[in-house]
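Report on one structure; see the data block that follows.
The values are calculated or read from the model by the stated rules, or taken from the named source; none is laboratory data. Being a predicted model, the structure only gives us computed values, none of them experimental. Ideal geometry is used to build each Cβ from the backbone, glycine not excepted, and the neighbour counts take in all protein chains shown. Just so you know, the surface numbers come from the protein's heavy atoms only, side chains and all, with ligands and any DNA or RNA stripped out. Shrake-Rupley method; radii C 1.70, N 1.55, O 1.52, S 1.80 Å.
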Amino acid sequence: MTSGTRVTAKTFWVWTETAAAANPCRIPGAPVQHQFFNYGESAPAGWLERNYIVDAEDYEGQVDLFGVVEQ
């Protein structure tokens, strides 16, 4: 992984269960942008490679409705 490489979501990035297992502050289904303001639609590629994030459109699980409403 190259430092600084980013990926762009179709909608916006949300945390996965894998991210929550690595760091309990990351709530599955919650928008990444709630914790990292600069990573709404664009996020580090390494997070996607590690399965820490997924496009909100593709997320399967309970969704943080407040994150959806704010978008």
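Some points to look at:
- Residue satisfying all of: in segment 1-13; more than 10 Å from the chain's Cα centre (by Cα) and assigned to a strand (DSSP E or B); surrounded by the most Cβ atoms within 10 Å (Cβ to Cβ) among these: Val7
- Identity of the residue in segment 14-56, assigned to a helix (DSSP H, G or I) and under 18 Å from Gly4 (Cα atoms), that ends up most open to solvent (accessible area, probe 1.4 Å): Glu49
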